[in-house]
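This report concerns only the one structure given below.
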Amino acid sequence: MSALAPLKSSRMLQENLSPAVRAQMPIFVSGDRIIGQPDIQALIEGHAELRRADTVIRADRMEYSVPDDLAKARGQVRINRAGDVYEGSALELYVNAFSGFFTDARYQFLKTQAHGEATRVDFIDPDRAVIHNASYTTCQRSEEDSWQPAWILRAKTIHIDREEEVGTADGAVLEFQGVPILPIPHISFPLSDKRKSGLLPPSIGIDNINGIEYDQPYYWNIAPNRDATVHAALMAKRGINMGAEFRYLEPSYQGVLRGDFMPSDRLRERNRWSYTLQHSANIASPLGGVGLNVNLNRVSDNDYWRDFPARGARSTDALTQRLLPGDASLHWARGDTSLSLRTLKWQTLQDVNAPIVPPYDRLPQLHWRHAPSNLPGGFDASLDADTTHFRADERFTGQANATRSYALAQISRPFLAPAGFITPRLQLHATQYEFDSPLANGTRSAHRVLPTVSLDSGLVFERDASYLGRSFTQTLEPRAFYTYTPYRDQHLLPVYDTAANDFNFASIYTENAYGGQDRIADNNLLTLGVTTRLLDPSTGAEAVRLGVAQRVRFSDQKVTLPGELAANDRLSDLLLGAGVQWTPQWGFDSTVQFNPKTNRSIRSTISARYSPGAYRTISAAYRLQRATSTQLLGSEQVDVGWQWPINDLWGDKGHNLGPGRGQGGGRWYSVGRLNYSLPDRKVVDAVVGFEYDGCCWIGRVVLERLQSSITTANTRLLFQLEFIGFSRISLGSNPLAILKENVPRYQYLREQTSTPSRFSNYD
C-alpha cells in the first residue's frame, strides 16, 4: 500500500483573493447543453453554471462572451461571491470586473447575515454596489408564509462599500414590528465590526436632576491609530453641554484627551467644564529607557461630581470622585538603576455636609532606586532615595508643609528548598525633614534613623488525599515571621503620605504596620500562620484553601498615628480565610478578622458565586466593618448581582449557542445589582434591568440609582433597542456599559467573536 501524497497549499483556499490572483484563475462552465466556440462564446442551457475563483453564477440559461468577459443569465439566477449571495431573474455581469446589474434581486451578506430585496442591484466594481428600492434586515426568514421581519429598513437606495465595510441608505424608513418608527433621510451602518465615521445612535433619557436629556454623538475615524468622538447634549433643566474625546495610539506613546463644556448652567448659574488627559510614552535609547506618564483631571466646581455622574461608555471614573489627581511623572531606567521625577497636585471637591481633608501635593518628588540583580552569595539588596516637597492648605491640614528626604537600604539572603524557606532581612531607614514653619516645639527640622530586622520562614508538606470521591494533593504550609524595630519618638512628626495598612493575609507578614515614610512602627512581633490547600493533581488548580494567622506582640507599641490608640494586646486579632472552587460553577471566598477578647468579628467579607452556564450567574457578598480607632465609621452591607434567563421559571431552559450568540430567540433575562445597607435599612446603589432577545433584535430596560452624597441620589431610567447587525437606539445612557460595569460576570447577548469564513457558505 503506497503512502498518501502530502497535502499542498492552494491559492484557491485563501480567505481573500487579490484582483491579480483572481484574474489569473480559469473559468469553468457546465450545464445540460452547451453550444459555442472555444475562447469566443458559450451558450449554456439547463442547470447553467459559471465558476471563477470565489465567484459562482447559476441560472436556467446563460450566455458568456469570452473576449468581453460578459455573462448574461436568465431564469432563477444565483450569484455566490465569497459567501455573499444574490438571487434574481436577470443578470448582466462582467465577471472579473464584477460590474453590471441584477433585476428583481434578493440578497444576503455573509458577515452580518443581513438580507433583503430590491428592484435592481448595480454592481460598480468588486467592492461597491448600489441597491435600488431596497429592504434590509438581519431577521432570518422562517418557513411560515406569513413571516414578517421584526425590524426592517426600507430605503430608496442602499450603497454598499466592501472596502470600507460600510453601508449607506438614503430616503429610508426604519420599521419595527410592522410600524414605521423612524424616518431616516440618510444613515450609514456597518457591514462588519470595522470602525467607521458617522453619527452614532442618540441617547434620550429622563434624569431626576437634569430632566429630559438628548445627546447626539458623532464618531470620526481619523486613522487606524486615531479617532475622535464629538457630542452635543441638551439637558432640559440645565442647558447645552458640548464635549469631545480624542484617542491616539503610536508605537512609543498613547493617550486619551476628553473635555466637556456647558455655558451658563441654569441650575448652578455658572459655566461648567471638565477635562481629562491620560498619556503614556516609553522611548528606548542607548542611555536607557525614558518614559512619561500624565494623568490630569480637573472640573469647574465642587458640585461637578454630583451633577454629572458616570454616563456609560463616555464616563470618566476619575471625574465622579471628590479627589481629582493632576499627576505627571518622568522616569528613566537602565539596568538595575531607575530615576523618576514626579509632580502631583490634587483638586479636592468639598461637600459642606461631609468635608474631607485634602491630601498633600507633591511639588515635586524625586526618587532614585538601585537594585543589583546578580549579587554574589545569593544575596538580594536594594537602595531607595527620595526627596519630596509636600504642600497643602494648612487651614485644613493643621500641620506644617515640609520637604522630606529619606533613604531605605535593605539586604536579605533567601535560603530556598523544596520543603521550605528561610529569609533573614536587614533594613535601615534614614529620614530628614525641613519644615516651612516651626513645629509645636519650635524646631524647623527633624531627622530619624531606624534599623529593622526580620526573619521569614515557612515549610511545605504534601500528601495524597481523597475527599467526596475526588483525589487531591493536600498541602500543609506553616509560616513564622519575626520582625523587630526599636522605638523612636515620632509623635511630633507630621503625617504627609502615611496610613495604617489594611489588616489582611498580605500585610500581617510585613515589617511595618504603616504605609508611607512618616511612621515606622516599633515592633517586636512574631506572626504565626498556617495554610492548607487541596490541589487538583493533574492541573494544579486550587479547589480549597483554608488559612489562619495571628500576631504575637512581645512589647507594647508606642508609635501611633494621630488619634490612633496604641496596640498593647499580646495577641492580635485572628485572621481566618477560606476559599472554595470545588467546581467551575461554584465559588466561595471569605475573610474574617476576629477579636478573641470580645468574641466577635471586627471585619468580615463573605462572598459566593454560582455560574452554571452562559448567561446564568448569581453572586452575593456580605461585608462588615465595625468602627475602630482607625476606622471611625462602621458599615454593614449586602451586595447581590445576577444575570439569569427568566424563561427558566417555566421550564424553558434555552440552548447554548456559543459565546456572544445568546440562548435563542424569545427569551427574557433579568439582570442587576443591589447594594443594601443593613444599619440604614435602605438600598444604597441599585441597577436593575430586563433584556429580551428577539433573535434579530434585543430590548433592554434598566433602572439605575446611584448615591451621590449623604442626602441625595441620582435616578435614571434607561431604554435601548439593539437591531442586530445594524445599530442601537438608546433612550438614556448606554445600558450595556452600565450593566458591564456593575454586574459581575455580565455577558453580552450578542458579541462578535469571529468573522465567518467564505467557505462556510460555499457553493
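The values are calculated or read from the model by the stated rules, or taken from the named source; none is laboratory data. A quick note: this is a predicted structure, and the numbers were derived from the prediction, not measured. Cβ coordinates were reconstructed from backbone atoms using ideal geometry, including for glycine residues, and neighbour counts include every protein chain displayed.
Within segment 653-663, the residues that satisfy the criterion of being within 19 Å of TRP697 (Cβ to Cβ) and either in contact with a strand residue (DSSP E or B) (Cβ under 7 Å, 6 or more places away or on another chain) or among the charged types (D, E, K, R) (or both) are GLY654, ARG661, GLY662, GLN663. Can you tell me which residue is surrounded by the most Cβ atoms within 10 Å (Cβ to Cβ) among those in segment 14-49 that are touching a Ser or Thr at 6+ places or on another chain (Cβ under 8 Å) and among the acidic types (Asp, Glu)? Among residues in segment 14-49 that are touching a Ser or Thr at 6+ places or on another chain (Cβ under 8 Å) and among the acidic types (Asp, Glu), the one surrounded by the most Cβ atoms within 10 Å (Cβ to Cβ) is GLU49. Of the strands (runs of 3 or more DSSP E) lying entirely inside segment 47-94, those containing at least 1 residues that are closer than 17 Å to ALA118 by Cα are 70-81, 84-94. Residues that are polar (S, T, N, Q), within 30 Å of LEU717 (Cβ to Cβ), crowded, with 16+ Cβ neighbours inside 10 Å and modelled with pLDDT of 90 or more within segment 266-316 comprise SER274, THR276, ASN297, SER300, listed in sequence order.
Cβ-Cβ distances below 8 Å connect the following pairs, each with a first residue in segment 721-738 that is more than 21 Å from HIS186 (Cα to Cα), a second residue that is among the hydroxyl-bearing types (Ser, Thr, Tyr) and at pLDDT below 80, and a separation of six or more residues or different chains: GLY732/SER203; SER733/SER203; ASN734/SER203; ALA737/SER315. Out of ARG52, ARG58, one residue alone is at pLDDT below 90, under 22 Å from ILE35 (Cα atoms) and crowded, with 18+ Cβ neighbours inside 10 Å. It is ARG52.
Applying a threshold of 6 Å to beta carbon distances and a minimum spacing of six or more residues, or different chains, the list of pairs starting in segment 34-60 at a residue that is within 23 Å of VAL21 (Cα to Cα) and ending at one that is among the basic types (Lys, Arg) reads GLU49/ARG58; ALA53/ARG22; THR55/ARG81; ARG58/ARG78.
Scanning segment 325-366 for residues that are outside any strand (DSSP E or B), touching a Phe, Trp or Tyr at 6+ places or on another chain (Cβ under 8 Å) and either closer than 19 Å to LEU292 by Cα or among the hydrophobic types (A, V, I, L, M, F, W, C) (or both) yields LEU349, VAL357.
Of everything listed in (1) under 26 Å from VAL453 (Cβ atoms); (2) out of contact with any Pro (no Cβ under 9 Å at 6 or more places or on another chain); (3) free of Cβ contacts under 8 Å to residues at least 40 places away in the same chain; (4) hydrophobic (A, V, I, L, M, F, W, C), the single unmet condition for VAL592 is (1).
Checked against the criterion of being at pLDDT below 85, closer than 22 Å to ASP693 by Cβ and not small (Gly, Ala, Ser), segment 192-202 has at least one qualifying residue. Looking across GLY515, GLY458, one residue alone is without any contact (Cβ under 8 Å) to a residue 40 or more places away in the chain, buried (at least 18 other Cβ atoms within 10 Å of the Cβ) and at negative phi. It is GLY458. Look at segment 563-586: where a residue is at pLDDT below 90 and a partner is of a type in the set (Lys, Arg) and assigned to a loop (DSSP other than H, G, I, E, B), sitting 6+ places away or on another chain with Cβ atoms under 9 Å, you get ALA566/LYS558; ASP569/LYS597.
Could you list all residues from segment 38-71 that are more than 52 Å from the chain's Cα centre (by Cα), of a type in the set (Lys, Arg) and closer than 17 Å to ASP125 by Cα? Of everything in segment 38-71, nothing turns out to be more than 52 Å from the chain's Cα centre (by Cα), of a type in the set (Lys, Arg) and closer than 17 Å to ASP125 by Cα.
Go through (1) over 41 Å from the mean Cα position of the chain (by Cα); (2) farther than 26 Å from PRO183 by Cβ; (3) surrounded by fewer than 20 Cβ atoms within 10 Å (Cβ to Cβ) one by one and return the number of the condition THR119 breaks. Unmet condition: (2). One residue stands out in segment 385-433 among those that are among the acidic types (Asp, Glu) and exposed (fewer than 15 other Cβ atoms within 10 Å of the Cβ): the one that is nearest to PRO486 (Cα to Cα), namely GLU394.
The listed residues are PHE594, PHE588, and the only one of them that is among the aromatic types (Phe, Trp, Tyr) and under 28 Å from THR483 (Cβ atoms) turns out to be PHE594.
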